[in-house]
Each structure stands twice: as structure tokens, then as C-alpha cells.
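Colleague: Questions regarding the structure given below will be posed in turn.
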Amino acid sequence: MFALKFKRIYPQDILVVIIFGALAYLPFLGRAYLFDWDEINFAECAREMLISQNYFQVQIDFQPFWEKPPLFIWLQALCMKVLGINEFAARLPNAIFGIITLVSLYVIGSKQRDKAFGFLWMGMFMSSVLPSVYFKSGIIDPVFNYFIFCAIYQIIRIEQENRKSYTRAIYVGLFIGLAILTKGPVGLLIPMLTFIVVRVYTLNFKLPWISILVALVTMSGIVSIWVVLEIKAHGTKILEEFIAYQIRLFRTEDAGHGQPFFYHFIVFLLGCFPLSAFALRGQFIKPIDRSEKYLHSYMNTLFWVVMILFSIVKTKIIHYSSLLYFPGSYAAAHYLYRIHASASMHIKWDFYLVYGFGYIVFGTATTLIPFAASQTDFIQSLIKDDFGKQNVLMPVEWHWGIGLVGLVFLFGFGLSAWYYHRENVFKAVVTGMITMMIWLNFVNYFIVPKVQKYTQGPPVELFIEKSKQNCYLDTWKYKSYAHYFYGKRSLDYPRRARDKEWLLKQQIDKPVFIVSKSHHSKELEEYCKGCTFLYKKGGFHIYSRVPNQQRIYDKDKFF
């Protein structure tokens with residue numbers, strides 16, 4: 001065994017990382033529709049920002065939206081301004097931050113230890129499932145997580161230098177401020193808790209008060225860019241609603257996202273394959289030397305702060321714990337590096353258990369998707385609600401060749417596992433990176449669009465078609481942002497048309513098209529005056545309503 005010890009990072013090293021990231025995260029970003037709710041929600045906020053030219057207030061349906069600050073929406077709006085209002089532009093900020101994240105991990109790992117460790121840290125992050133999937137999405141968390149990581153890394157650098165560093169304190173405040181502008185107060189809460197826990201654990205109660213003050217002042221200055229202008233333009237109401245929403249997320253189950261306490265542990269264990277096979281083991285291996293103890297302690301602390309915090313929070317959504325990907329990939333790389341650098345270290349039994357489980361689940365599931373999708377009777381027997389049963393019957397064509405995507409996964413990660421068994425960690429990581437890059441793009445191109453035909457295809461197709469006509473679009477008894485984004489709702493959309501009473505019972509001035517899920521369709525028929533059932537696709541039922549003077553009409557004229 002040997003260890004590479006080169007602190008200098010060459011431009012060609014960075015270029016290789018950028019190429020890997022670009023090949024993994026940029027292709028096929030616009031291949032599939034945006035997913036309801038979160039992806040369409042944020043993209044719609046960006047679209048409305050461009051249309052209204054109100055860049056300092058986040059809106060949805062051209063009404064104040066208090067759930068999220070504006071930074072990520074600004075990034076999406078900028079991409080849409082350049083590339084047009086589409087799925088590619090909505091997801092591009094995360095793809096760019098994915099490349100930046102890989103470069104950052106490589107550079108930080110190389111500076112903290114050597115190029116071998118930098119490569120392993122970056123490689124573990126890139127070759128794992130959820131960390132890669134999220135950078136091809138249009139949700140806020142990848143950008144938010146990056147700012148949190150950068151803030152904590154600057155705290156680590158202050159600890160390592162063991163001196164007053166006001167410049168680094170400014171960086172801490174800058175990144176925390178950007179995190180708050182991206183997602184909210186949790187951007188301060190997580191670094192603060194991590195810092196406090198490390199200090200308590202190490203019994204170091206001598207706080208650098210001046211550096212803390214500098215960081216807080218910088219953070220406040222960054223956040224005030226939005227807050228002061230928002231208060232000046234619209235008063236304090238939206239900020240009060242924003243704070244109340246954050247408190248509600250912590251205390252209550254929001255939007256039906258209640259899960260058991262151990263939910264995020266299961267998500268990490270399975271969703272972060274293969275890094276989860278090494279992460280827990282790596283946390284219990286001591287750092288190489290004293291200079292790395294701060295990086296090690298802060299990464300381990302960050303992991304458990306995030307895991308415990310979001311296990312306590314009542315609202316549990318899969319991406320809430322996505323910040324675990326940073327300390328998790330560090331711990332995995334730390335374990336692999338020790339195997340690489342020391343003849344006395346060997347792969348342990350738990351690797352085979354976790355790695356084998358994730359390998360079988362993802363590889364087999366992807367391979368069998370075409371076969372499983374054709375077993376509609378069996379799938380229906382597993383589903384309890386009528387809406388899900390009807391969606392299974394959607395006429396989606398699954399060619400057997402799509403299963404080759406799973407075979408790529410099985411072969412690639414099987415080869416990677418063999419290299420791990422031989423303790424050739426670099427070949428294992430490179431093989432995993434290439435396999436994940438191919439698998440991720442194949443899934444994005446072949447599988448995701450077909451899955452969306454079951455979950456939201458019919459309404460989105462309707463909204464796209466009707467966006468070209470002068471009509472009203474809405475949904476019945478289920479929350480969606482699709483009719484805003486894909487229906488291209490305009491700034492002058494009548495206020496009365498947002499009222500279901502007027503839209504479905506009163507005299508209207510142009511046709512209405514409304515989507516209902518199958519189990520609510522009877523309620524809609526009873527409530528709506530003059531509704532006409534047009535058709536159903538899967539579990540979605542499509543209805544129309546026209547003005548009285550157009551009651552007798554050729555059905556094809558309106559559909």
C-alpha cells in the first residue's frame with residue numbers, strides 16, 4: 001500500500017472532476033416533467049418572478065408565498081431568463097452546484113490530507129444514489145446543503161488555525177446568510193448546533209466572541225438584502241407568516257408527511273448506497289493525525305446533529321436529511337483511505353451486508369421494472385386506494401430493453417464490489433462513479449418519463465394543451481402547482497376564477513377544465529353546476545364547464 005501526498009492541485013485535476021460532474025448531472029435535465037409539488041412549486045415561483053418582475057417577493061399564483069426565501073428562486077429565474085421557461089432551466093442551478101460540490105470536496109480533501117483522500121471523498125459522493133439524483137432535480141436542498149457545508153468548513157479552518165481569523169469569520173457569516181436566504185432559519189440552526197455540540201464534547205468552553213460577532217454581523221447583512229427590502233415594500237406580514245410556517249414544520253406533521261422516528265436512518269442506509277456501507281464504520285476510526293481532528297469531529301457531529309434534529313421534527317420528507325450526504329461521504333472516504341494507506345485495515349463484514357443489500361435492491365428493481373410494470377393485476381392487489389389502482393392501468397409501454405439499465409447497474413457495482421473485496425479502493429470508486437453516471441442518465445432518460453405518466457402525466461398533458469387556449473384550469477380536492485406552471489397562468493388571471501364557488505357554480509365567461517382524482521369525482525359532479533365528464537386517464541378524471549350561451553357545443557371544439 002502507498003499514500004499519495006501531494007498538496008498541490010493542478011488545473012487538469014479540477015478539469016477531470018468538472019468533466020465527470022458535467023457528464024453525470026447535465027444530460028437530460030429537461031427530459032421529464034417537473035414533479036409536483038416541490039419542483040413545480042419552485043419553478044413556478046421563478047416563472048412568476050420573471051412575469052411580474054417582482055424580484056424581491058416570492059409568489060405563487062401571483063400571491064405572496066411565505067414558505068421559502070428567494071435565493072434559489074433567483075437562480076432559477078436567472079436560468080429561465082437565459083434559457084427560457086422550461087424544465088432544463090429549472091433544474092440547471094442544482095446541476096451547476098453539483099459540479100461545484102464535487103470540485104469543493106476534491107479540493108478540500110486534498111488540502112486537508114492529500115489528493116488520494118480528496119478523490120475518495122468526491123468519488124464516494126458522486127457514486128452514491130441520492131446524492132447524485134438530487135443534483136438532477138429542481139428542489140432547494142442541494143444548494144442549501146452546499147452553503148451549510150461551506151460555513152462549517154470555515155469554522156473548521158478557524159479551529160485548525162487556532163488564531164483570530166476575522167476573514168474566515170466573515171466567510172462563516174456569508175455562507176450562513178446565503179443558506180438562510182435559500183431555505184430559512186435552519187441555515188443558522190444547524191451550524192450553531194454543530195459548533196455547540198463539538199465545544200461541549202471537547203470541553204472547550206472558551207468561545208471566540210469577536211469572531212462569532214463578526215460572523216453574525218456578516219450574516220445579518222446578507223439576510224437584510226432581502227428582509228429590509230421586503231419589509232419596506234410589503235410590511236412585516238410575509239415575514240411573520242414565514243416564521244410561523246417554520247415553527248409549524250417542527251411541531252406538526254405538514255402535508256401528511258408523518259413518518260416514524262427512524263425514517264431518516266433508513267433513507268440514509270438505503271438511499272445513500274454505496275457510501276452508507278462505509279459511513280458508520282468510518283466514524284469510529286480515529287483521524288490520521290492531530291491536524292485532522294477538527295475535520296473529523298465536525299463532520300461526525302454534523303452527521304448526528306442532522307440525523308437527530310430531523311428525526312425529532314414532526315414533518316419528515318426524504319430530502320430534509322440530505323445534508324447527511326456531506327459528512328456521510330467524508331466518513332466513507334475516511335474508512336476507505338485507511339484501508340488504502342494501511343496494510344492492517346481490511347473490509348469488515350458490515351460492508352458486505354449493507355453493500356449487498358443496496359446492490360440487490362437497486363440493481364434488481366431497475367432490471368425488473370419492465371416485467372413488474374406488466375403485472376397490473378398483482379400490483380393492483382397491493383394497492384389499497386382506488387386512485388392508485390386506476391393509475392396502474394395507464395397504457396404505458398415498457399420495452400424489455402429498459403431492463404438493460406439495471407444490468408448496467410448490476411455489472412458496474414458488481415465489479416466495484418469485487419475491487420472492494422480485493423481492497424483496491426481506487427479502482428472500486430472509479431468503477432462506481434462511471435456506473436452511477438451511466439445508470440443515472442439512463443434512468444433519467446428511459447424510466448423517469450414513463451413513471452411520470454402514471455403519477456401526473458394526464459393532468460400535465462391537459463394543462464400544456466389548454467395553455468394555448470383562452471380558458472380556466474384548476475384541480476379538485478388535491479393540491480397541485482402543475483396548472484400554474486404548465487397552464488401558463490398569467491398575471492391578469494381574474495381573482496374570481498380562484499374561487500371554486502364561482503368557477504364551478506356561477507356564470508362564467510370562458511370554458512373551465514378541471515382535473516379530479518377518481519375517488520373525488522362524484523363529489524365534483526354533485527358540486528359543479530353543468531360539469532361535463534370528458535374522459536379519464538388512469539386515476540385522473542377530466543371535466544369541463546362552459547358558459548351558458550355555449551352550452552350546446554361540439555365537444556371537439558373545446559377539447
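Colleague: So the label point goes 7 Å from the Cα of residue 527 along Cα→C-beta, right? Which residues of the range 371-393 then have their backbone N under 20 Å from it?
Modeller: Zone members listed by number: 386-388.
Colleague: Same structure, new question: Loop only per DSSP, at most 11 neighbouring Cβ atoms within 10 Å: give me the chymotrypsin sites (Phe, Trp or Tyr not before Pro) in the range 114-211, ordered by residue number.
Modeller: Counting only loop positions with at most 11 other Cβ atoms within 10 Å, the chymotrypsin sites (Phe, Trp or Tyr not before Pro) in the range 114-211 are 205.
Colleague: If you keep only loop residues by DSSP, which trypsin sites (Lys or Arg not before Pro) in the range 130-195 have at most 15 other Cβ atoms within 10 Å of their Cβ?
Modeller: Here the trypsin sites (Lys or Arg not before Pro) that fit, given the DSSP loop and packing criteria, are 163, 164.
Colleague: Starting with the highest mean, order 486-494, 323-331, 473-481 by the number of other Cβ atoms within 10 Å, averaged over the residues of each peptide.
Modeller: Listed from highest to lowest mean packing, they are 323-331, 473-481, 486-494.
Colleague: Tell me, what ³J(HN,Hα) does each residue in the range 221-227 have, in order and in whole Hz, if you take phi through Karplus 6.51 cos²θ - 1.76 cosθ + 1.60 with θ = phi - 60° and put x for Gly and Pro?
Modeller: Result, rounded to whole Hz: x, 5, 5, 5, 3, 8, 4.
Colleague: Sticking with this structure for a sec: Set the Förster radius R0 to 35 Å, insert the Cβ-Cβ distance between residue 206 and residue 261 as r into 1/(1 + (r/R0)^6), and round the FRET efficiency to 0.05.
Modeller: Given R0 = 35 Å and the Cβ-Cβ separation, E is 0.50.
Colleague: When a/c reaches 1.5 or more, the comparison of a/b and b/c decides; with that in mind, is the range 459-558 rounded, prolate or oblate per its Cα gyration tensor?
Modeller: rounded
Colleague: Rounded if a/c is under 1.5, else prolate if a/b is larger than b/c, else oblate: which is the range 372-489, with a ≥ b ≥ c the root eigenvalues of its Cα gyration tensor?
Modeller: prolate
Colleague: Rounded to the nearest 20 Debye, what is the dipole magnitude of the range 372-454 about its Cα centre when Lys and Arg each give +1 and Asp and Glu each give -1 at the C-beta?
Modeller: Here the range 372-454 has a charge dipole of around 180 debye.
Colleague: Right, here's the next one. Quick one: 3J(HN,Hα) in Hz for the range 505-513, Karplus 6.51/-1.76/1.60 with θ = phi - 60°, rounded, Gly and Pro as x.
Modeller: Result, ordered by residue: 10, 8, 5, 10, 10, 7, x, 10, 10 Hz.
Colleague: Next up: Once you have the Cα-Cα distance between residue 161 and residue 78, take 0.36 nm times their residue separation minus that, and quote the gain in nm to one decimal.
Modeller: Roughly 26.1 nm would be gained on extension.
Colleague: Between beta-carbons, use under 14 Å as the cut-off and find the net charge around residue 187, counting Lys and Arg +1, Asp and Glu -1.
Modeller: Working: positive: 68, 183; negative: 141.
Net charge in that neighbourhood comes out at +1.
Colleague: Within 10 Å, count the other beta carbons around each residue, average over each peptide in 75-84, 533-542, and list them highest first.
Modeller: Working: 75-84: 17.3, 533-542: 19.0.
In decreasing order of mean packing, 75-84, 533-542 become 533-542, 75-84.
Colleague: In what order do 525, 397, 87 fall by count of nearby beta-carbon atoms within 10 Å, going from fewest to most?
Modeller: 397, 525, 87
Colleague: Cα gyration tensor of the chain, axes a ≥ b ≥ c as square roots of the eigenvalues: rounded (a/c below 1.5), prolate (a/b > b/c) or oblate?
Modeller: Oblate, because a/c is 1.5 or more while a/b does not exceed b/c.
Colleague: About the Cα centre of the chain, how large is the charge dipole given +1 on each Lys and Arg Cβ and -1 on each Asp and Glu Cβ? Please answer in debye to the nearest 20.
Modeller: 840 debye
Colleague: Continuing with the same structure: Amide H neighbours of residue 472 under 5 Å, at least 5 residues apart or on other chains, H built in the peptide plane: list them.
Modeller: Amide H neighbours of residue 472: 512, 513.
Colleague: If the chain between residue 286 and residue 349 were fully stretched, how many nm would it gain, using 0.36 nm times the residue separation less the Cα-Cα distance?
Modeller: 20.7 nm
Colleague: Using r as the Cβ-Cβ distance of residue 381 and residue 67, and R0 as 51 Å, what FRET efficiency do you calculate, to the nearest 0.05?
Modeller: Values: r = 38 Å, r/R0 = 0.75.
It comes out at approximately 0.85.
Colleague: Rounded to the nearest 5, what is the percent of antiparallel bridges among the DSSP beta bridges in the chain?
Modeller: Of all bridge pairs located within the chain, approximately 75 percent are antiparallel.
Colleague: Could you run the Karplus curve 6.51 cos²θ - 1.76 cosθ + 1.60 with θ = phi - 60° over the range 121-136 and give me ³J(HN,Hα) per residue in whole Hz, x for Gly and Pro?
Modeller: Running phi through 6.51 cos²θ - 1.76 cosθ + 1.60 with θ = phi - 60° gives 5, 4, x, 4, 5, 6, 8, 9, 5, 4, x, 7, 4, 5, 7, 10 Hz.
Colleague: Choose one of 9, 30, 229: the residue whose Cα lies farthest towards the positive end of the charge dipole of the chain (beta-carbon charges +1 Lys, Arg; -1 Asp, Glu; about the Cα centre).
Modeller: Towards the positive end, the residue furthest out is 9.
Every read-out reported here was derived from the displayed coordinates using simple, explicitly stated rules and does not represent laboratory data. The model shown is predicted, which means the values in this text are computed figures rather than measured ones. In this analysis, Cβ positions are derived from the backbone assuming ideal geometry, glycine residues included, and neighbour counts consider all displayed protein chains.
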